[in-house]
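**Student:** Please read through the structure below; I'll follow up with questions.
The values are calculated or read from the model by the stated rules, or taken from the named source; none is laboratory data. Just so it is clear, the model here is predicted, and its values are computed rather than measured. Cβ coordinates were reconstructed from backbone atoms using ideal geometry, including for glycine residues, and neighbour counts include every protein chain displayed.
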């Protein structure tokens, strides 16, 4: 029995790990690497394993940095099942289709501009083939995925259908349990339930995206959003919210509905300017069984979601273009969430050089993205290859992150039974090191930070198995 680490080890995105046990090989996630164009070129590299030799995939949730290379895996020979939550299958139908469509359009653009051999990473048809191999599970349902290997998904509170994965491996009389966090959500965040306890585990693989910091108090965050909206109203400007289509867009609409009167939302025209976010919102509103008690009560009182009377769903291109004729009074929620493409770029071109414009950054921005440049306070950025001065007021709102902060992660790990060995992944290098120190000081837990290609022997006695360094393979990410 062994675990081998690949993606989201050297960097945050591209989640991908392997379990080998009982003669079977199971992949945990298969995500896209995101960031700069040079970084994203890694997605075209060969997998550091035989795709046809994978027996099954367990997908923690639908975000592209966890699911986005599944079409490539299928193209390169994988024919087995992809186990995930039912809601994740619905979201992947939207997310992978959109990812493929963007890739096709990008390839067409590059061919028109001289790159005659430009091809998309994968096509819409190929993405839908991967979705067709997905098999739905419910939270708490035990599923034998291979003889002697059972999987159970438990609510991670990150996005709709997100799960941390509990795997039990039996070889003879020996049973080993390991838990893979996927992405962990915040406790007490809107709409979704809190992460479930870890329970008994021999090994825990934990993400660490915000493992070195604390998010702003949620009530303070809500108050700050209200202040930004009221300030922008007095200044007669627009508000741009680059938002992930799944999770953040729905949370913003939920907050607008909750605080409609308090924030004088009737003075604004609110645009959800993302076909993917519009589809994802429909999926969110149809899965009330996955909401927390507050959101369920809110909906039951109003009989609909979200109660934003001045909301416009602008799915068509011409509708999106028309928004840019508004110099004031528009709140625009648009993708991409990290500002590295999509409709938000067009809205930034029309607003970023205006001092009365406000930009709300409400989520993680990877290195190499335009969103990271805005968070860092760059006074000049490039949009579609042209320089623009940043005169707009940029607000970083940390309290709405779909990822738990340091205390959320510590709280979750504290619920583990059996003194498990801990492997830290899915974080920038300095963050992982910092989080490891907090684990030691706060929970008296020792942890390892695997490198790409490292292997963990699940049969090794003791709490801290040795990790072999196999990181010389240039394709391992």
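**Student:** Kindly provide the set of residues from the stretch 220-236 that are at negative phi and modelled with pLDDT under 90, ordered by number.
**Tutor:** 233, 234, 235 - these are the residues of the stretch 220-236 that are at negative phi and modelled with pLDDT under 90.
**Student:** Looking only at residues in the stretch 412-430 that are at negative phi and surrounded by fewer than 17 Cβ atoms within 10 Å (Cβ to Cβ), which one is farthest from the chain's Cα centre (by Cα)?
**Tutor:** It comes out as 417.
**Student:** Looking at (1) over 23 Å from the mean Cα position of the chain (by Cα); (2) surrounded by 16 or more Cβ atoms within 10 Å (Cβ to Cβ); (3) at pLDDT below 95, which is the only condition residue 401 fails?
**Tutor:** So the condition that residue 401 fails would be (1).
**Student:** Does the stretch 373-389 contain any residue that is out of contact with any strand residue (DSSP E or B) (no Cβ under 6 Å at 6 or more places or on another chain), under 26 Å from residue 221 (Cα atoms) and crowded, with 17+ Cβ neighbours inside 10 Å?
**Tutor:** Among the residues of the stretch 373-389, not one is out of contact with any strand residue (DSSP E or B) (no Cβ under 6 Å at 6 or more places or on another chain), under 26 Å from residue 221 (Cα atoms) and crowded, with 17+ Cβ neighbours inside 10 Å, which makes the answer no.
**Student:** From the list 442, 437, which one is touching a helix residue (DSSP H, G or I) at 6+ places or on another chain (Cβ under 7 Å) and over 26 Å from residue 242 (Cα atoms)?
**Tutor:** 442 is the lone residue from the list that is touching a helix residue (DSSP H, G or I) at 6+ places or on another chain (Cβ under 7 Å) and over 26 Å from residue 242 (Cα atoms).
**Student:** Another question, if that's okay. What strands (runs of 3 or more DSSP E) lie completely within the stretch 312-388 and have 3 or more residues being farther than 21 Å from residue 65 by Cα and touching a residue at least 60 places away in the same chain (Cβ under 8 Å)? Walk me through it before giving the result.
**Tutor:** Numbers: elements: 330-334, 358-361, 380-383.
Those strands (runs of 3 or more DSSP E) span 330-334, 358-361.
Results for (1) in a strand (DSSP E or B); (2) modelled with pLDDT under 95; (3) over 24 Å from the mean Cα position of the chain (by Cα), shown as yes or no for each residue.
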{"residue": "175", "(1), (2), (3)": "yes, yes, yes"}
{"residue": "194", "(1), (2), (3)": "no, no, no"}
{"residue": "214", "(1), (2), (3)": "no, yes, no"}
{"residue": "240", "(1), (2), (3)": "yes, no, no"}
{"residue": "253", "(1), (2), (3)": "no, yes, no"}
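**Student:** Does residue 16 count as buried (at least 23 other Cβ atoms within 10 Å of the Cβ) and modelled with pLDDT under 95? It would help to see each step written out before you state the result.
**Tutor:** Details: buried (at least 23 other Cβ atoms within 10 Å of the Cβ): yes; modelled with pLDDT under 95: yes.
The answer is yes for residue 16.
**Student:** Pick out the one residue from 111, 129 that is in the same structural domain as residue 63 (by TED's automatic domain parsing), part of a helix (DSSP H, G or I) and without any contact (Cβ under 8 Å) to a residue 12 or more places away in the chain.
**Tutor:** So the residue among 111, 129 that is in the same structural domain as residue 63 (by TED's automatic domain parsing), part of a helix (DSSP H, G or I) and without any contact (Cβ under 8 Å) to a residue 12 or more places away in the chain is 111.
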